[in-house]
Structure formats: structure tokens, C-alpha cells
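Written below as C-alpha cells is the structure these notes are about.
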Amino acid sequence: MAVSLVSCGGSAPPPGSTNDTYRNPAMTGNSPQRTRTSPAIQQTIPPRRQAIPPRPVTVAPEPAPDENADAIAETPPETAAIPFVPSLDVNDLIGQTEAAVTDRLGEPELVRGEGPSRVWQYRTDRCIFDAFFFPQTENAPRHLAHMIARLRNGEGEITLQNCLDDIMRSLHEGRS
């Protein structure tokens, strides 16, 4: 096997030759004289890039401790509340049926009957709102005819609208 490899080696192109010189008797070792020499291999190696030195990092100095820092850290963040806007005017309730008032204010906490009339009571932590319903004719549906409002603690006065606003606010907060 070694003999066969040696015999094959004689027809191989010399190192550095190109394909156009392959099997050219002048370029192979079979010719008694060589008329051409193998072209020199030239290789261009690009210059090495120099490493870019890292930029200096500047660190800001720590701020001086603030004597109010503890007080600020202990203060909870403030949140802005969206103010409640009353959506019902007290004058819009006059003349409404019991069903219409229920749709707007919900079920009353207390219903008291006095003959054909009814008194509905709504309460908040601050006030009590009474609505008086009377039928306009016998066997007709009752309509809101009169309202009163008072503070729960009995001291001072409150307007009908302010008490109604409190009721609407409590309904709104209860649904949220």
C-alpha cells in the first residue's frame, strides 16, 4: 500500500500551485526541467484593532443624610380622592311614585304606614331622611309629597339636599 501511495504522489501538483497549472508537465515533477516556479502566496493580514480602553466611570457621591428623611419616609403617600358629585336634586323627588324613588335611592331602611300614607326612612352615619308618600286619589299609587331631614345626633341642622347627598354618597360607596 505504501508503494501505491508513493506512485500517486508524483503526479500531484506542488504546494502553492493553482488549478490552471495542474497536469502541466512544466509544473509537475515529471518534467526534467522546470520552466516556471510556483507563484508565491501573498496574504494580506489586516492590522490588529487596538482595544478601546474602557471609559472611566464616575460615581456620584452619596447625598448627605437629611435630618427630615425619617419623617418623609414615615409619611404615607397622599392619594387624591375624586370628589362625590350629587346626581340627584331633592326637588326632582317631589311627586315621584314609590317605585321611582326606589329606583333612585334603593330600598328604605324603615317603612311606616299611617292609614293610606307611607313614611320611608333612609339613614346615614350623619343624618336621617324621611320621605312621606300619599295617594292622590283613593286606591291610586302613592306619590312623594313631603320630606324632612335631621342630624342623627340631634344637634344643629342639615338641609334636605345635604342629607340626600349623604344618602347618595353612601349608596355610591356601598356599590364600589
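FYI, it's all coordinate maths here, none of it is from the lab. Keep in mind it's a predicted model, so treat the numbers as computed, not measured. Cβ: placed from backbone, ideal geometry, glycine included. Neighbour counts: every protein chain shown.
Annotation: extensible slack from A100 through A140 equals 12.9 nm (criterion: 0.36 nm per residue apart, minus Cα-Cα distance). The modelled label-to-label distance between L88 and N153, using points 7 Å beyond Cα along the C-beta direction, is 2.6 nm. The residues neighbouring V101, those whose beta-carbon lies less than 14 Å from its own, together hold a net charge of -4 under the Lys/Arg +1, Asp/Glu -1 convention. Highest mean packing comes first when the peptides 134-142, 99-107 are listed by Cβ atoms within 10 Å, giving 99-107, 134-142. Against the compact-protein benchmark of 2.2 N^0.38 Å, the Cα-based radius of gyration of segment 76-176 scales to 1.20.
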